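**Student:** Encoded as structure tokens, here's the structure I'll be asking about.
The values are calculated or read from the model by the stated rules, or taken from the named source; none is laboratory data. Quick caveat: nothing in here was measured; it's all calculated off a predicted structure. Methodologically, a virtual Cβ is constructed for each residue, glycine included, from the backbone with ideal geometry; neighbour enumeration extends over all protein chains shown. These accessible areas exclude ligands, DNA and RNA; they are computed on the full protein's heavy atoms, side chains included. Shrake-Rupley method; radii C 1.70, N 1.55, O 1.52, S 1.80 Å.
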Amino acid sequence: LDADSTRDKRTKKRLSTVEGEVRRLQTILEEFLSYARAPEPKSRPVNLNQKLQALVDFQDLEMKEAELSLRFYPGVGVSKVSCDWDHVQAAVGNLLRNAKEATPANGQIFVSTELDGEFVVIRVTDTGSGIDEQQIEKVSEPYFSTKKGGTGLGLATVRRVAEEHGGTLTTQSEPGKGTQFSLRLPVRGIDPAP
């Protein structure tokens, strides 16, 4: 009976390792495919604050499990923005995933919006480890990653979403204090696809 129990434990441990590796490979494949075959964005008016609140609410449980606080601060005057929400949602989700991975337990992550003239700025800010000054310019280049096993496509995809919408992605960071990514999008968005 003891030998069976020991064998069962080893088998469960091996299965858990295989399951973790399959999840990791699936994430790498999904990131590569989304970067390589991203469809042209299709712009439609969306209530940006409402959509971001729903995204933050969805991510909240996962953040709590990692012992992180996630908050959303909707900007005054930010309402309808013309964008491809599927692309923007994927970009913000990627920024939130990076923030979660960079932030130790009991840290904080903030999402905010702000109207800036003809642009809306979506900021994702964390109290994590920050990014070294030499790496800050490289983090959104394809295939550059500071994470072990990272593909380097996550932030490159976020930058591409910004640029396809006629916007920009900027990064501010201080090692040991945290990082802020600012996704700046025109309020009018891109021209709708024919």
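**Student:** Kindly evaluate T179 against the criterion of being buried (at least 17 other Cβ atoms within 10 Å of the Cβ), at negative phi, hydroxyl-bearing (S, T, Y) and at pLDDT 85 or above. Talk me through it step by step, then tell me what you get.
**Tutor:** Values: buried (at least 17 other Cβ atoms within 10 Å of the Cβ): yes; at negative phi: yes; hydroxyl-bearing (S, T, Y): yes; at pLDDT 85 or above: yes.
Answer is yes for this residue.
**Student:** On to the next question. Which of the residues spanning segment 89-122 are hydrophobic (A, V, I, L, M, F, W, C) and open to solvent by 10 Å² or more (accessible area, probe 1.4 Å)? Before you say what the answer is, go through the steps one by one.
**Tutor:** Step one: list which residues in segment 89-122 are hydrophobic (A, V, I, L, M, F, W, C), which gives 90-92, 95-96, 99, 102, 105, 109-111, 115, 119-122.
A90, A102, A105, F110, L115, F119, listed by residue number.
**Student:** May I pose another question? As an exercise: evaluate V81 against (1) within 16 Å of G167 (Cα to Cα); (2) open to solvent by 60 Å² or more (accessible area, probe 1.4 Å) and give the number of the one condition it does not meet.
**Tutor:** Exception for V81: condition (2).
**Student:** Quick check: is even one residue across segment 130-149 of a type in the set (D, E), at pLDDT below 90, in a loop (DSSP other than H, G, I, E, B) and touching a Ser or Thr at 6+ places or on another chain (Cβ under 9 Å)? Spell out the reasoning first.
**Tutor:** The initial filter retains those residues of segment 130-149 that are of a type in the set (D, E), namely 132-133, 137, 141.
Retained after the next criterion (residues that are at pLDDT below 90): 132-133, 137, 141.
Adding the requirement that they be in a loop (DSSP other than H, G, I, E, B) leaves 132, 137, 141.
Next cut, touching a Ser or Thr at 6+ places or on another chain (Cβ under 9 Å) only: 132, 137.
Within segment 130-149, one or more residues are of a type in the set (D, E), at pLDDT below 90, in a loop (DSSP other than H, G, I, E, B) and touching a Ser or Thr at 6+ places or on another chain (Cβ under 9 Å).
Listed here are the residues, each with its yes/no results for (1) within 15 Å of the chain's Cα centre (by Cα); (2) modelled with pLDDT of 90 or more; (3) under 17 Å from S182 (Cβ atoms); (4) not charged (D, E, K, R).
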| site | (1), (2), (3), (4) |
| --- | --- |
| L48 | no, yes, yes, yes |
| F58 | yes, yes, no, yes |
| M63 | yes, yes, no, yes |
| S69 | no, yes, no, yes |
| F72 | yes, yes, yes, yes |
| G75 | no, yes, yes, yes |
| N94 | yes, no, yes, yes |
| N98 | yes, no, yes, yes |
| E101 | yes, no, no, no |
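**Student:** Also, I was wondering about something else. Name the residue that is surrounded by the most Cβ atoms within 10 Å (Cβ to Cβ), counting only residues in segment 12-46 that are of a type in the set (V, I, T) and at pLDDT 70 or above. Walk me through it before giving the result.
**Tutor:** In the first step, residues of segment 12-46 are kept if they are of a type in the set (V, I, T); the result is 17-18, 22, 27-28, 46.
Retained after the next criterion (residues that are at pLDDT 70 or above): 17-18, 22, 46.
Details: T17: 10, V18: 10, V22: 10, V46: 19.
Here the answer is V46.
**Student:** Something else: Those residues that are within 25 Å of P186 (Cβ to Cβ) and not in a strand (DSSP E or B), I need them from segment 98-122; list them, please. Please lay out each step first, then the result.
**Tutor:** Taking segment 98-122 first, the residues within 25 Å of P186 (Cβ to Cβ) are 98-99, 110-122.
Across segment 98-122, the qualifying residues are N98, A99, G117, E118.
**Student:** Within segment 150-171, which residues are modelled with pLDDT of 85 or more and not in a loop (DSSP other than H, G, I, E, B)? Talk me through it step by step, then tell me what you get.
**Tutor:** Here is the first cut: in segment 150-171, the ones modelled with pLDDT of 85 or more are 158-171.
Passing the criteria: V158, R159, R160, V161, A162, E163, E164, T168, L169, T170, T171.
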